[in-house]
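The structure appears right after this line, and notes come after that.
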Amino acid sequence: MKVAHAVSSPRLVRVYDIGEDAGRPFLTMELVPGAPLRNRTSGPLPIEDVVRIGIEVLEGLAALHAAGIVHRDVEPGNVLLDPDGGARIVDFGLARSLDRDETRLTETDTALGTADDMAPEQALGHDVDARSDLYAFGVLLFELLTGDLPWRAESSLDSVLARLRAKAPDVRELRPETPRWLAETVGRLLERKPENRFANAEEALRILRRRSVGLGAILARRRRPLLAAAAALALALLGAVGWRFATSPALASLAPDGSLGARGLDRAGRVVWKRSDLAPARCAARDRFR
(Lines give C-alpha, C1' and ligand atoms only; values in the text may rest on other atoms or scores of the structure.)
Protein backbone atom coordinates (compact mmCIF):
# COMPACT_ATOMS: atom_id res chain seq x y z
CA MET A 1 0.00 0.00 0.00
CA LYS A 2 2.84 2.41 0.75
CA VAL A 3 3.99 2.30 -2.87
CA ALA A 4 0.52 3.25 -4.15
CA HIS A 5 0.30 6.11 -1.66
CA ALA A 6 2.97 7.96 -3.64
CA VAL A 7 1.09 7.89 -6.97
CA SER A 8 -1.77 10.15 -8.00
CA SER A 9 -3.90 9.65 -11.10
CA PRO A 10 -7.59 10.16 -11.97
CA ARG A 11 -7.58 6.47 -12.94
CA LEU A 12 -6.40 5.24 -9.55
CA VAL A 13 -8.46 5.16 -6.37
CA ARG A 14 -6.39 7.43 -4.17
CA VAL A 15 -4.79 6.14 -0.95
CA TYR A 16 -4.71 9.15 1.37
CA ASP A 17 -3.02 7.87 4.48
CA ILE A 18 -1.58 4.73 6.05
CA GLY A 19 -1.04 4.45 9.76
CA GLU A 20 -1.43 2.44 12.90
CA ASP A 21 -3.70 2.91 15.89
CA ALA A 22 -3.34 0.91 19.08
CA GLY A 23 -1.26 -1.63 17.21
CA ARG A 24 -3.78 -2.00 14.40
CA PRO A 25 -2.90 -0.81 10.89
CA PHE A 26 -5.36 1.36 9.00
CA LEU A 27 -5.60 3.23 5.75
CA THR A 28 -7.85 5.94 4.42
CA MET A 29 -8.88 5.84 0.76
CA GLU A 30 -10.91 7.87 -1.66
CA LEU A 31 -14.59 6.96 -1.57
CA VAL A 32 -15.73 6.21 -5.11
CA PRO A 33 -19.31 5.03 -5.64
CA GLY A 34 -19.63 2.48 -8.38
CA ALA A 35 -19.45 -1.21 -9.21
CA PRO A 36 -16.63 -3.58 -10.16
CA LEU A 37 -16.02 -4.15 -13.85
CA ARG A 38 -16.44 -7.84 -13.03
CA ASN A 39 -20.20 -7.21 -12.94
CA ARG A 40 -20.12 -6.52 -16.68
CA THR A 41 -18.11 -9.53 -17.85
CA SER A 42 -21.01 -11.98 -18.20
CA GLY A 43 -21.05 -11.25 -21.94
CA PRO A 44 -19.23 -9.24 -24.62
CA LEU A 45 -19.28 -5.46 -24.29
CA PRO A 46 -19.64 -3.07 -27.24
CA ILE A 47 -16.24 -2.65 -28.89
CA GLU A 48 -16.29 1.11 -28.34
CA ASP A 49 -16.80 0.54 -24.59
CA VAL A 50 -13.97 -2.00 -24.46
CA VAL A 51 -11.55 0.42 -26.08
CA ARG A 52 -12.63 3.31 -23.84
CA ILE A 53 -12.30 1.23 -20.66
CA GLY A 54 -9.00 -0.15 -21.92
CA ILE A 55 -7.60 3.35 -22.43
CA GLU A 56 -8.64 4.41 -18.93
CA VAL A 57 -7.15 1.31 -17.29
CA LEU A 58 -3.92 1.86 -19.22
CA GLU A 59 -3.82 5.46 -18.01
CA GLY A 60 -3.85 4.17 -14.44
CA LEU A 61 -1.23 1.52 -15.17
CA ALA A 62 0.95 4.08 -16.97
CA ALA A 63 0.95 6.24 -13.83
CA LEU A 64 1.99 3.25 -11.72
CA HIS A 65 4.67 2.11 -14.15
CA ALA A 66 6.07 5.63 -14.48
CA ALA A 67 6.55 5.59 -10.70
CA GLY A 68 8.28 2.21 -10.92
CA ILE A 69 5.34 0.27 -9.46
CA VAL A 70 3.79 -3.00 -10.64
CA HIS A 71 0.18 -3.68 -9.64
CA ARG A 72 0.44 -7.50 -10.02
CA ASP A 73 -3.31 -8.16 -9.83
CA VAL A 74 -4.95 -6.44 -12.81
CA GLU A 75 -8.33 -8.11 -13.30
CA PRO A 76 -11.99 -7.01 -13.69
CA GLY A 77 -12.64 -7.30 -9.95
CA ASN A 78 -9.96 -4.69 -9.29
CA VAL A 79 -11.31 -2.14 -11.76
CA LEU A 80 -14.13 0.06 -10.50
CA LEU A 81 -16.62 1.77 -12.81
CA ASP A 82 -17.80 5.06 -11.34
CA PRO A 83 -21.34 6.43 -11.94
CA ASP A 84 -20.16 8.09 -15.17
CA GLY A 85 -18.73 4.81 -16.46
CA GLY A 86 -15.12 5.84 -15.90
CA ALA A 87 -12.65 3.12 -14.93
CA ARG A 88 -10.57 3.34 -11.74
CA ILE A 89 -7.96 0.81 -10.62
CA VAL A 90 -8.30 -0.34 -7.01
CA ASP A 91 -6.72 -2.85 -4.61
CA PHE A 92 -2.99 -2.22 -4.34
CA GLY A 93 -2.45 -4.99 -1.80
CA LEU A 94 -0.03 -6.81 -4.11
CA ALA A 95 1.59 -3.76 -5.69
CA ARG A 96 5.31 -3.43 -5.23
CA SER A 97 8.09 -1.12 -6.31
CA LEU A 98 10.54 -2.18 -8.99
CA ASP A 99 13.31 -0.57 -6.95
CA ARG A 100 15.58 -3.49 -6.18
CA ASP A 101 16.82 -1.82 -3.01
CA GLU A 102 13.34 -1.70 -1.51
CA THR A 103 12.05 -4.63 0.53
CA ARG A 104 9.68 -6.72 -1.53
CA LEU A 105 6.25 -7.81 -0.39
CA THR A 106 7.08 -11.29 -1.67
CA GLU A 107 10.23 -13.04 -2.72
CA THR A 108 10.97 -14.69 -6.05
CA ASP A 109 9.46 -18.18 -6.47
CA THR A 110 6.24 -17.05 -4.78
CA ALA A 111 3.22 -16.49 -7.01
CA LEU A 112 0.58 -14.02 -5.89
CA GLY A 113 -2.34 -12.67 -7.88
CA THR A 114 -5.49 -13.92 -9.59
CA ALA A 115 -4.58 -17.22 -11.27
CA ASP A 116 -6.82 -16.77 -14.33
CA ASP A 117 -5.22 -13.43 -15.18
CA MET A 118 -1.58 -13.59 -14.15
CA ALA A 119 1.28 -13.69 -16.62
CA PRO A 120 3.20 -16.96 -17.13
CA GLU A 121 6.32 -15.62 -15.41
CA GLN A 122 4.23 -14.48 -12.45
CA ALA A 123 2.51 -17.88 -12.23
CA LEU A 124 5.95 -19.51 -12.09
CA GLY A 125 7.02 -17.21 -9.27
CA HIS A 126 9.64 -15.40 -11.35
CA ASP A 127 10.41 -11.69 -11.24
CA VAL A 128 7.64 -9.46 -12.58
CA ASP A 129 7.68 -6.03 -14.16
CA ALA A 130 5.34 -3.71 -16.10
CA ARG A 131 4.99 -6.30 -18.87
CA SER A 132 3.41 -8.71 -16.38
CA ASP A 133 0.67 -6.16 -15.70
CA LEU A 134 0.17 -5.79 -19.45
CA TYR A 135 -0.37 -9.53 -19.85
CA ALA A 136 -3.12 -9.41 -17.20
CA PHE A 137 -4.54 -6.36 -18.98
CA GLY A 138 -4.63 -8.40 -22.19
CA VAL A 139 -6.67 -11.08 -20.43
CA LEU A 140 -9.03 -8.35 -19.23
CA LEU A 141 -9.51 -7.00 -22.78
CA PHE A 142 -10.05 -10.51 -24.14
CA GLU A 143 -12.74 -11.14 -21.53
CA LEU A 144 -14.50 -7.83 -22.22
CA LEU A 145 -14.50 -8.52 -25.96
CA THR A 146 -15.65 -12.14 -25.83
CA GLY A 147 -17.28 -12.67 -22.43
CA ASP A 148 -14.82 -15.51 -21.84
CA LEU A 149 -11.23 -16.15 -20.76
CA PRO A 150 -8.56 -17.00 -23.34
CA TRP A 151 -8.30 -20.50 -21.91
CA ARG A 152 -11.06 -22.69 -20.55
CA ALA A 153 -9.86 -24.88 -17.70
CA GLU A 154 -11.36 -26.90 -14.87
CA SER A 155 -8.93 -25.51 -12.31
CA SER A 156 -6.54 -22.61 -11.81
CA LEU A 157 -3.61 -25.00 -12.25
CA ASP A 158 -4.96 -26.18 -15.60
CA SER A 159 -5.41 -22.55 -16.63
CA VAL A 160 -1.78 -21.77 -15.78
CA LEU A 161 -0.53 -24.85 -17.63
CA ALA A 162 -2.59 -23.93 -20.69
CA ARG A 163 -1.04 -20.48 -21.02
CA LEU A 164 2.44 -21.94 -20.57
CA ARG A 165 1.92 -24.42 -23.39
CA ALA A 166 -0.32 -22.74 -25.94
CA LYS A 167 -0.55 -19.42 -27.72
CA ALA A 168 -3.60 -17.33 -26.85
CA PRO A 169 -6.47 -17.69 -29.35
CA ASP A 170 -7.24 -14.87 -31.76
CA VAL A 171 -10.07 -12.69 -30.44
CA ARG A 172 -11.64 -12.71 -33.91
CA GLU A 173 -12.25 -16.45 -33.67
CA LEU A 174 -14.85 -15.66 -31.01
CA ARG A 175 -15.82 -12.17 -32.19
CA PRO A 176 -15.19 -11.73 -35.92
CA GLU A 177 -16.21 -8.06 -36.02
CA THR A 178 -13.28 -7.08 -33.77
CA PRO A 179 -11.00 -4.67 -35.69
CA ARG A 180 -7.80 -6.35 -36.80
CA TRP A 181 -5.60 -3.81 -35.03
CA LEU A 182 -7.41 -4.43 -31.72
CA ALA A 183 -7.13 -8.20 -32.07
CA GLU A 184 -3.41 -7.84 -32.84
CA THR A 185 -2.97 -5.58 -29.81
CA VAL A 186 -4.62 -8.15 -27.54
CA GLY A 187 -2.48 -10.87 -29.10
CA ARG A 188 0.71 -8.93 -28.38
CA LEU A 189 -0.37 -8.27 -24.80
CA LEU A 190 -0.88 -12.03 -24.35
CA GLU A 191 2.50 -13.11 -25.69
CA ARG A 192 4.02 -15.77 -23.44
CA LYS A 193 7.47 -14.17 -23.47
CA PRO A 194 7.60 -10.73 -21.78
CA GLU A 195 10.04 -9.41 -24.39
CA ASN A 196 7.40 -9.89 -27.09
CA ARG A 197 4.85 -7.69 -25.33
CA PHE A 198 4.72 -3.91 -25.11
CA ALA A 199 7.50 -2.50 -22.96
CA ASN A 200 5.11 -0.61 -20.68
CA ALA A 201 1.57 0.71 -20.41
CA GLU A 202 2.44 4.02 -22.07
CA GLU A 203 3.43 2.27 -25.30
CA ALA A 204 0.17 0.30 -25.44
CA LEU A 205 -1.78 3.41 -24.47
CA ARG A 206 -0.46 5.37 -27.46
CA ILE A 207 -1.75 2.71 -29.83
CA LEU A 208 -5.24 2.54 -28.30
CA ARG A 209 -5.56 6.31 -28.23
CA ARG A 210 -4.47 6.71 -31.85
CA ARG A 211 -6.61 3.90 -33.23
CA SER A 212 -9.69 4.85 -31.18
CA VAL A 213 -10.10 8.12 -33.10
CA GLY A 214 -13.16 7.73 -35.31
CA LEU A 215 -13.69 4.14 -34.15
CA GLY A 216 -17.43 4.66 -33.62
CA ALA A 217 -17.91 5.90 -37.20
CA ILE A 218 -15.84 3.02 -38.60
CA LEU A 219 -17.85 0.42 -36.71
CA ALA A 220 -21.09 2.12 -37.76
CA ARG A 221 -20.07 1.88 -41.43
CA ARG A 222 -19.26 -1.80 -40.96
CA ARG A 223 -22.63 -2.45 -39.34
CA ARG A 224 -24.58 -0.64 -42.08
CA PRO A 225 -24.23 -3.36 -44.77
CA LEU A 226 -25.09 -6.01 -42.19
CA LEU A 227 -28.23 -4.13 -41.20
CA ALA A 228 -29.17 -3.64 -44.85
CA ALA A 229 -28.67 -7.34 -45.56
CA ALA A 230 -30.74 -8.26 -42.51
CA ALA A 231 -33.51 -5.89 -43.62
CA ALA A 232 -33.47 -7.33 -47.15
CA LEU A 233 -33.67 -10.86 -45.78
CA ALA A 234 -36.56 -9.89 -43.52
CA LEU A 235 -38.43 -8.34 -46.46
CA ALA A 236 -37.81 -11.43 -48.57
CA LEU A 237 -39.14 -13.67 -45.81
CA LEU A 238 -42.18 -11.47 -45.35
CA GLY A 239 -42.79 -11.53 -49.09
CA ALA A 240 -42.53 -15.31 -49.20
CA VAL A 241 -44.89 -15.69 -46.26
CA GLY A 242 -47.30 -13.20 -47.82
CA TRP A 243 -47.24 -15.02 -51.17
CA ARG A 244 -47.82 -18.33 -49.45
CA PHE A 245 -50.68 -16.86 -47.45
CA ALA A 246 -52.18 -15.21 -50.53
CA THR A 247 -52.05 -18.39 -52.61
CA SER A 248 -53.16 -20.84 -49.94
CA PRO A 249 -56.42 -22.62 -50.95
CA ALA A 250 -59.72 -22.19 -49.13
CA LEU A 251 -62.57 -24.77 -48.89
CA ALA A 252 -65.65 -23.92 -50.98
CA SER A 253 -69.27 -24.50 -50.00
CA LEU A 254 -71.52 -27.41 -51.14
CA ALA A 255 -72.09 -27.71 -54.85
CA PRO A 256 -75.45 -26.35 -56.09
CA ASP A 257 -76.59 -29.79 -57.34
CA GLY A 258 -76.64 -31.12 -53.80
CA SER A 259 -73.61 -33.37 -54.11
CA LEU A 260 -70.75 -32.76 -51.69
CA GLY A 261 -67.95 -31.05 -53.55
CA ALA A 262 -64.97 -28.96 -52.59
CA ARG A 263 -62.91 -26.38 -54.43
CA GLY A 264 -59.60 -24.79 -53.50
CA LEU A 265 -59.59 -21.06 -54.19
CA ASP A 266 -56.84 -18.49 -53.98
CA ARG A 267 -57.48 -15.00 -52.64
CA ALA A 268 -58.37 -13.78 -56.10
CA GLY A 269 -61.16 -16.33 -56.34
CA ARG A 270 -59.37 -18.49 -58.89
CA VAL A 271 -59.90 -22.25 -58.66
CA VAL A 272 -56.71 -24.02 -57.68
CA TRP A 273 -58.19 -27.51 -57.29
CA LYS A 274 -61.62 -29.12 -57.33
CA ARG A 275 -63.15 -32.41 -56.13
CA SER A 276 -66.62 -33.53 -57.10
CA ASP A 277 -66.42 -37.22 -56.18
CA LEU A 278 -66.96 -36.90 -52.44
CA ALA A 279 -70.60 -38.12 -52.47
CA PRO A 280 -69.65 -41.84 -52.58
CA ALA A 281 -67.38 -41.33 -49.60
CA ARG A 282 -70.22 -39.65 -47.73
CA CYS A 283 -72.56 -42.57 -48.48
CA ALA A 284 -69.99 -45.15 -47.43
CA ALA A 285 -69.46 -43.37 -44.12
CA ARG A 286 -73.23 -43.14 -43.57
CA ASP A 287 -73.73 -46.87 -44.25
CA ARG A 288 -70.86 -47.81 -41.91
CA PHE A 289 -72.41 -46.15 -38.86
CA ARG A 290 -76.01 -47.29 -39.36
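A few points about this structure:
- Residue within region 167-183 that is closer than 23 Å to residue 64 by Cα and crowded, with 19+ Cβ neighbours inside 10 Å present: no
- Residues satisfying the stated conditions in region 11-37, i.e. touching a helix residue (DSSP H, G or I) at 6+ places or on another chain (Cβ under 9 Å) and in a strand (DSSP E or B): 12, 15, 16, 17, 18, 27, 36
- Pairing each residue of region 162-181 that is β-branched (Val, Ile, Thr) with any residue that is assigned to a loop (DSSP other than H, G, I, E, B), provided the two are 6+ apart or on different chains, yields C-beta distances under 9 Å for 171/150; 171/178; 178/170.
- Residues satisfying the stated conditions in region 132-149, i.e. of a type outside the set (A, V, I, L, M, F, W, C) and buried (at least 24 other Cβ atoms within 10 Å of the Cβ): 132, 133, 135, 138
- Counting only helices (runs of 4 or more DSSP H) that sit completely within region 133-220, those holding 1 or more residues that are closer than 15 Å to residue 117 by Cα correspond to 156-165, 180-189.
- Number of the condition not met by residue 40 [criteria: (1) closer than 23 Å to residue 119 by Cα; (2) touching a Leu at 6+ places or on another chain (Cβ under 9 Å); (3) at pLDDT 90 or above]: (3)
- From 74, 13, 32, 79, residue being in contact (Cβ under 8 Å) with a residue 24 or more places away in the chain and under 16 Å from the mean Cα position of the chain (by Cα): 79
- Answer from 130, 119 - the residue that is touching a Phe, Trp or Tyr at 6+ places or on another chain (Cβ under 7 Å) and closer than 25 Å to residue 202 by Cβ: 119
- Note on region 74-104: among residues that are part of a strand (DSSP E or B) and either basic (Lys, Arg) or farther than 18 Å from residue 27 by Cβ (or both), the one that is modelled with the lowest pLDDT is 96.
- Here residue 48 meets each of (1) more than 24 Å from residue 205 (Cα to Cα); (2) in contact with a helix residue (DSSP H, G or I) (Cβ under 6 Å, 6 or more places away or on another chain); (3) acidic (Asp, Glu) with one exception, condition (1).
The values are calculated or read from the model by the stated rules, or taken from the named source; none is laboratory data. Predicted, not measured: the structure shown is a model, and the values here were computed from it. FYI the Cβ positions are ideal-geometry reconstructions off the backbone, even for glycines, and counts take in every protein chain you see.
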